[in-house]
1. Short version: ³J(HN,Hα) in whole Hz for each residue of region 96-104, in order, from phi by Karplus 6.51 cos²θ - 1.76 cosθ + 1.60 (θ = phi - 60°), x for Gly and Pro, what are they?
2. I need two numbers for region 40-309: Rg to one decimal and Dmax as a whole number, Cα atoms only, in Å.
3. Taking a cut-off of 24 Å between Cα atoms, list the lysines near LYS24, but don't count ones fewer than 8 places away on the same chain.
4. GNM on the chain, C-alpha springs below 10 Å: top fluctuator among GLN232, GLN71, GLN175?
5. Can you work out the Karplus-derived ³J(HN,Hα) for every residue in region 76-83? Use 6.51 cos²θ - 1.76 cosθ + 1.60 with θ = phi - 60°, whole Hz, and x for glycine or proline.
6. Expressed as cubic angstrom per residue, what is the convex hull volume of the alpha carbon set of region 227-273?
7. With both bridge residues required to lie in the chain, what share of the DSSP beta bridges run antiparallel, to the nearest 5%?
8. Looking at ILE174, TYR282, GLY133, which one has the Cα that reaches farthest to the positive end of the dipole of the chain (charges on Cβ: Lys, Arg +1; Asp, Glu -1)?
Amino acid sequence: MNIVQRLEQRLGRTHARQRLGVEKDHEAQVFGQGINFFHLENWYSIHSFIRNSLRLVGLYGRGKRNTLDIQVRHNNINLPGLPAAFDGFTLLHLSDLHVDMHPDNEHAMIQRIMTLDYDVCVLTGDYRFKTFGPHEAALEGMKRIRSHLKDTVYGVLGNHDTVRMVPGLEEAGIQMLLNESATLERNGSVIHLVGIDDAHFFRADNIEKAAQDVPHDEISILLSHTPEIYRQAAHADFNLMLCGHTHGGQICLPGGYPVTLDARCPRSLSKGPWQHHNMLGYTSPGVGASVVSVRLNCPPEITLHHLHTA
């Protein structure tokens, strides 16, 4: 069975062919497509300009070292209606790993992960560095990281990821949620984990389909690569949204103010906790780096979300 047949069997013919078709039509496209008109990550001639500019002002070495200084953040979340059985339930959140870009970052990530205590791990996309071309190195890196994670891992795809990675990721033990949901059970109580396909570049997200099996009166957590669909998510009655994509700006001014964001959303959603209407949210600044392997005033992050009854 070839990869197209496997994906059609896994995702359904329409979803699989839509995703594969968009990937083929728009590989390495700098302008147009997706939510944003301009895609800096695909303009490879500018990457060396950024690196050389940082060298010129003496910040490149520091920025490169900063990518290995991975912070572990604890985010306490009070959720009205959370079953008592889930009080203290902890989600390990990893986003924007870009594992094939910087081997030392992968090693530093694994060292941090091995010391952590959590119940379930969630991944919010961007496992590959480039947005097109070979994906085998990223897949091998994800397999190595997966071997250091606990039993239950869920993930969604990002704008850097090809849908062709899905069979390999799932064979490695990562349950991908592509406009799908999963039920987490604890002592007879349940909460729901919902994941959508990339909404930023491929526009393959479908919240209605993803949440079709989730009862309205039960707690639901949305995994999305990008925060850009926060309005739709809030009005779809999700209680919590976990996402990434922005890298928190990655290169920020003193005080952590991002120079630019590759996302059409308020800067208040660029990193850390936020709220829109009744939905709580958290945007991870990511554990990896994109475009250039540097971080300034925006350290890489592994997040532990601790759920509590309100």
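1. 6, 6, 6, 5, 8, 8, 9, x, 5
2. For region 40-309, the Cα-based Rg and Dmax read 17.6, 60 Å.
3. Filter leaves LYS130.
4. Greatest mean-square fluctuation among the candidates belongs to GLN232.
5. Per residue, the Karplus-derived 3J(HN,Hα) values read 8, 10, 8, 10, x, x, 5, x Hz.
6. Each residue corresponds to 66 Å³ of Cα convex hull volume.
7. DSSP beta bridges in the chain are roughly 40 percent antiparallel.
8. Result: GLY133.
Bear in mind these aren't lab numbers, they're just calculated from the coordinates by the rules spelled out. Bear in mind the structure is a predicted one, so any value in this text is a computation, not a measurement. As a convention, Cβ positions derive from the backbone with ideal geometry for all residues, glycine included, and neighbour counts pool all protein chains shown.
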